[in-house]
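Below you'll find the structure, written out as structure tokens, and then a few comments.
The numbers here are math on the coordinates, done by the rules we state, and not lab data. Values in this document were obtained by computation on a predicted structure and should not be read as measured data.
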DNA sequence: TAATCGTGGCT
DNA sequence: TAGCCAAGATT
């Protein structure tokens, strides 16, 4: 099978079936960058509202660079993998300092920025700058593993090298493949004006970015992990896995670590209409986020009685059951560490403005409706 | 190389 | 429901 044929099939399919997503309506490298970071290990439907809100709050590299960490975390709250937000923030400052506020269009310079690895560099270069750089994400790996019938574990270094090479061949890096390519519009039926409008921004140029997105889109919407819709696949005539009846077994992926059940407490300790929270340590899981204490702070007396909420949650490989208790402060002070205390008494309204761990945000939703919390807060 | 880092949706 | 999965990067 020829890369050329695959290219044409993919682009034609994408022009007709590609989803109209917010980051496909722009060529602004900053916006493409933000979308790519948010989309790491995160589904499109989850990202869309965060993406819009983020760009309202931080419309440019400069505005992001000026923001403080807590504001950045707050915008990212609920999206997970918070290191991404910290890295994006740090990288924005570096772009302002070292690149005049413009994202560099060079591979090495991009890779030097925190949070930008091989995939993201390729995505930015191809989508925003129109360079013929390949990308291999989970979608592309799955599509290619099935298309070429690759049986070895896709996470192995050997297969990874092969996947990048294959993706490079498709995007036009390989020998014999033109880096300049045909306009995607050529493949769109003229009668279908509504669809044609979607990709007008890329007419005649930046084909590599479209091709990469086509591969990813195919993996996301057709060549899905379970029950792929092979009848709707533009590449089904080329697919080795389909021919062998092996789509269910490919790609070959290693097993995940089993999750374990963890029980936790969240203490809502009230004083004068304020509740006690603490900031998590500056490294490790959910670092820098605020949360309710899990046990009574040392030296502090409080009455914690009723359970006001039980919330199920999961973090990494833990399934967590959080039991929230409502309590009153009776005396003593929470421990202080350093000049900027990790402890704070806050009004419920202030909790809206702080980055709070999602499990406790859920607790709040229940606890606020509890009569005893209301009376404590009053 | 393998572990770490979140969360929500789906089956 | 318990497990699997999603546009990865970093150490």
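Against chain A, whose longest principal axis is taken from its Cα atoms, helix A:358-367 shows a tilt of about 50°. With the convex hull drawn over the C-alpha atoms of region A:114-178, the volume per residue is 93 Å³. Kirkwood hydrodynamic radius of chain A, from the reciprocal of the average inverse Cα-Cα distance over all distinct pairs: 23.5 Å.
Taken along its three principal axes, the alpha carbon spread of region A:260-377 comes to 37, 36, 27 Å, from the longest extent down to the shortest. Relative to the longest principal axis of the Cα atoms of chain A, the long axis of helix A:157-171 lies at roughly 60 degrees. Across region A:27-111, how large is the tail of the calculated P(r) beyond 18 Å, expressed as a percent of all Cα pairs? Result for the distance tail: 37 percent. Would you give the gap between the C-alpha center of region A:52-75 and the C-alpha center of region A:264-287, rounded to a whole Å? Value for the Cα centre distance between the two parts: 24 Å. Report, to the nearest 10°, how far helix A:3-17 tilts away from the longest principal axis of the Cα atoms in chain A, using its own Cα long axis and a range of 0 to 90°. It is inclined by approximately 50 degrees.
Contact order for region A:260-377, expressed relative to its length and based on alpha carbon pairs under 8 Å spaced 6+ residues apart, stands at 35 percent.
With contributions of -39500 (n - 2.57) from each DSSP H run of at least four residues, the per-residue ellipticity at 222 nm computed over chain A stands at -12000 deg cm²/dmol. Contact order for region A:3-244, expressed relative to its length and based on alpha carbon pairs under 8 Å spaced 6+ residues apart, stands at 25 percent.
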